[in-house]
Amino acid sequence: GSALWFEMSRWFFLTSLLFLGALAINEVRDRSFQTVLNAAIKTVLEDTSSTGCLSKVHHNYYGSGSDYPYPSDRCTAAVWPTLESIQAENSTIRQAIDTGRIVFGAQFPSGHDVFNCTQDASVTDVAVYSCAGYDQDTAKCFIDAINAHYGSSIKVYWRYSEWMADTNMVNNIVYNLLGYQFDGIFASMTANPFTTWPAPWKRTMRVPRSSLVNFTCPYQAGGESAAAGNKASPVPLTSAAALNTSGVIIAVEAGTSMEDWVVNYAPLAQRISLTDGSLCVKLVLNGTAHAYLAPHLNIASDIQEYGSDQLHKVAVLTTDSYYSIGLRPTWPTASGALRHAVPALATLLVPAVLALLM
């Protein structure tokens, strides 16, 4: 009745004010963080020599015959803000300079040990880890550029997405970013796919990832490929078209652009979506799946590790994606505010409507 309508309307109004107020404050905090990271990415990308930081990291993991996939003309307008302007506001980057640390979230499906992580006991207010790996060393290139420009001594730390609110690893890391568990996401993330967002009434809705996460300019050209193993398949897996065959089993990581590709371009195949993307190749090697999808570099690394007699590349599937650092959303314009607010506020409005209909 009218009493219920009044209570639900008041709940929606107050919750909306809190939601918008929190993100309005956050706009100041993370807009300058994005600006600084963009400038750092631009600076590092400009050094394409074999002695550049990104080239050295890439060659260390993939060999000197594999060039770092520089995204051309994707980060050209970035400018370093002055240190005085950073110190004048309560921003994430100012806190990083003051505390000497930036904490990135990454997908550690098997825990911190998979990236040779050790907890830093000197940091007592939160559990953070020092890690080694391709993403970890790449991130250090950008933070080193910030330190060189501002004379700071920021160290990169990492945290695992420990709050498993969703069985999807990619969705979970977004929840943790918005919940201030870390300062940014550094996990070969693209802006393209949809994210499953929890609604208050225990249902979910799919929203574009870019409506929940703000992205820096790209630091690496991405794209996905498919690889197959020795399991006998209904048809020879020698092309992307062959994957769209009834009886073909494809393993993908859930919530990623690879999963979207199978849904859109290989609907006849049987799809196995895994929370832990690193297990996809294992399913192919043990004969559970015929093929799996992964970023180009992962496919090349897997073939090198397991041998061409165990895996072979099927096809390049996409070449137009780019990896960026994910940050909490910033709303510099009214249109941007609406773009970010509508999907999230919808999760608040629908319960009120449903309550009136019940």
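Would you confirm, using the coordinates I've provided, whether residue 330 is closer than 30 Å to residue 181 by Cβ, of a type in the set (Val, Ile, Thr), at pLDDT below 85 and not in a helix (DSSP H, G or I)?
Yes.
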Residues that are within 25 Å of the chain's Cα centre (by Cα), under 28 Å from residue 44 (Cβ atoms) and of a type in the set (D, E, K, R): does segment 264-287 have at least one?
no
Does residue 323 satisfy the condition of being closer than 26 Å to residue 133 by Cα, among the hydroxyl-bearing types (Ser, Thr, Tyr) and open to solvent by less than 20 Å² (accessible area, probe 1.4 Å)?
yes
Residue by residue through segment 209-263, note down the ones that are farther than 22 Å from residue 282 by Cα and in a helix (DSSP H, G or I).
209, 210, 211, 241
So residue 40 ticks every box in (1) at pLDDT below 90; (2) within 21 Å of residue 79 (Cα to Cα); (3) open to solvent by less than 60 Å² (accessible area, probe 1.4 Å) but one. Which box is left unticked?
(1)
Every listed condition ((1) in a helix (DSSP H, G or I); (2) more than 30 Å from residue 76 (Cβ to Cβ)) holds for residue 297 save (2)
Mind listing whichever residues of segment 282-297 are in contact (Cβ under 8 Å) with a residue 12 or more places away in the chain and of a type in the set (S, T, N, Q)?
288
Pick from segment 222-257 the residues that are among the hydrophobic types (A, V, I, L, M, F, W, C) and free of Cβ contacts under 8 Å to residues at least 40 places away in the same chain: which of them is surrounded by the fewest Cβ atoms within 10 Å (Cβ to Cβ)?
232
Hey, residue 293 hits all of (1) open to solvent by 10 Å² or more (accessible area, probe 1.4 Å); (2) at pLDDT 90 or above; (3) of a type outside the set (Phe, Trp, Tyr); (4) within 19 Å of residue 261 (Cα to Cα) but one; which does it fall short on?
(1)
Could you tell me which residue of segment 158-192 is modelled with the highest pLDDT, considering only residues that are surrounded by fewer than 17 Cβ atoms within 10 Å (Cβ to Cβ) and of a type in the set (Gly, Ala, Ser)?
179
Tell me, yes or no, whether segment 269-281 has at least one residue that is within 24 Å of residue 326 (Cα to Cα), without any contact (Cβ under 8 Å) to a residue 24 or more places away in the chain and outside any loop (DSSP other than H, G, I, E, B).
yes
Suppose we filter segment 258-275 for residues that are open to solvent by less than 20 Å² (accessible area, probe 1.4 Å) and closer than 19 Å to residue 302 by Cα; how many remain?
1
Hey, can you tell me all the residues within segment 45-58 that are open to solvent by 40 Å² or more (accessible area, probe 1.4 Å), over 16 Å from residue 132 (Cβ atoms) and not acidic (Asp, Glu)?
48, 49, 50, 51
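Table: residues versus (1) in a helix (DSSP H, G or I); (2) at pLDDT below 80; (3) aliphatic (A, V, I, L, M); (4) touching a strand residue (DSSP E or B) at 6+ places or on another chain (Cβ under 7 Å).
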{"site": "96", "(1), (2), (3), (4)": "yes, no, yes, yes"}
{"site": "105", "(1), (2), (3), (4)": "no, no, no, yes"}
{"site": "108", "(1), (2), (3), (4)": "no, yes, no, yes"}
{"site": "125", "(1), (2), (3), (4)": "no, no, no, no"}
{"site": "138", "(1), (2), (3), (4)": "yes, no, no, no"}
{"site": "156", "(1), (2), (3), (4)": "no, no, yes, yes"}
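The values are calculated or read from the model by the stated rules, or taken from the named source; none is laboratory data. Treat the numbers as computed from the prediction; the structure is a model and nothing was measured. Using ideal geometry, Cβ is built from the backbone for each residue, glycine included, and neighbour counts are taken over all protein chains shown. Side chains are part of the model used for accessible areas, which takes the heavy atoms of the whole protein and leaves out ligands, DNA and RNA. Shrake-Rupley method; radii C 1.70, N 1.55, O 1.52, S 1.80 Å.
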